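The values are calculated or read from the model by the stated rules, or taken from the named source; none is laboratory data. Owing to the predicted nature of the structure, the values given are computational and were not obtained by experimental measurement. As a convention, Cβ positions derive from the backbone with ideal geometry for all residues, glycine included, and neighbour counts pool all protein chains shown.
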């Protein structure tokens, strides 16, 4: 194994200096016998938990990006996210260039560690090796910033992506809605080259959950006018929004649309409709919906009906 050079010679690791309390894991003092390598990196994660990430990586018969990424992935799947990060840093030390799948794993680990600073350093390194424009890496970074409530960096990550996809747009929209910045969310939504059910659902659910009920209903109506077929997850948010503004006519239209496109209603949607009609003062429609429920839905529907009768 090559001798350990000074940190000054490893500029690619200097950006991760806040992880240097783990220096002994990244730059182990003892050398390892590489001739006794392992062909299955994941096997050691399970069978020899006393081995550090550096040892498992160093003892591989074939040290390449695929093997290193596989090892990092095994640590991540076992919720050993700090070990996954240490393995990533050791990978950089050994001059193994990460690919988009490596970044996807360590970015996800950063999210679960709730480590915004680490995420930023990973982003900076991805940018340094020209991978931040990759839609897989860029979308993962975007997701990290949104989940860790940093919309400014989320926008930068989005702008870095060479060809953002629907998921990229939906994640940024969700980030703006999460911050209560509905105007910016709307601008991003309108700028999408193509809007599918995922992007529409993001706007409808985001508005509904944030108390923007009229806007949620309007987005649902516009969605139908655009010829986009709603999914199971579209309707409950639209129904709740219609209930909150007392839009009985709109709610009936949403109900008719659900029957048309979905056929049999799900448990949650059926009960959302029962509750909607009761809230709008139309017990006749509420009971009619209840009577059309399947036996699977019957029990919970009965409980909701009983609760409504008691409140009366």
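Among residues of the range 200-221 that are free of Cβ contacts under 8 Å to residues at least 24 places away in the same chain, those with a Cβ under 6 angstrom from a residue that is assigned to a helix (DSSP H, G or I) and buried (at least 21 other Cβ atoms within 10 Å of the Cβ), sequence gap 6+ or separate chain, pair up as 219/203; 219/204. With respect to residue 112, determine if the residue is outside any loop (DSSP other than H, G, I, E, B) and surrounded by 21 or more Cβ atoms within 10 Å (Cβ to Cβ). So residue 112 does not fit the description; no. I'd like to check something: does the range 225-239 contain any residue that is over 21 Å from residue 171 (Cα atoms) and buried (at least 19 other Cβ atoms within 10 Å of the Cβ)? Yes, the range 225-239 contains at least one residue that is over 21 Å from residue 171 (Cα atoms) and buried (at least 19 other Cβ atoms within 10 Å of the Cβ). Going residue by residue through the range 46-63, is there one that turns out to be touching a strand residue (DSSP E or B) at 6+ places or on another chain (Cβ under 8 Å), at negative phi, in a helix (DSSP H, G or I) and at pLDDT 65 or above? Yes, some residue in the range 46-63 is touching a strand residue (DSSP E or B) at 6+ places or on another chain (Cβ under 8 Å), at negative phi, in a helix (DSSP H, G or I) and at pLDDT 65 or above. Selection of helices (runs of 4 or more DSSP H) fully inside the range 126-206 by the criterion of at least 3 residues being within 17 Å of residue 110 (Cβ to Cβ) returns 135-147, 151-160.
Here the condition is being touching a helix residue (DSSP H, G or I) at 6+ places or on another chain (Cβ under 9 Å), assigned to a helix (DSSP H, G or I) and modelled with pLDDT of 80 or more; of 270, 256, it holds for 270 alone. Here residue 88 passes the criteria (1) within 16 Å of residue 122 (Cα to Cα); (2) out of contact with any helix residue (DSSP H, G or I) (no Cβ under 7 Å at 6 or more places or on another chain) except the one numbered (2). For the range 224-252, a tally of residues being free of Cβ contacts under 8 Å to residues at least 24 places away in the same chain and either touching a helix residue (DSSP H, G or I) at 6+ places or on another chain (Cβ under 8 Å) or closer than 24 Å to residue 287 by Cβ (or both) returns 1. Checked against (1) over 26 Å from the mean Cα position of the chain (by Cα); (2) at pLDDT 90 or above; (3) surrounded by fewer than 16 Cβ atoms within 10 Å (Cβ to Cβ), residue 66 passes all but a single condition, namely (1).
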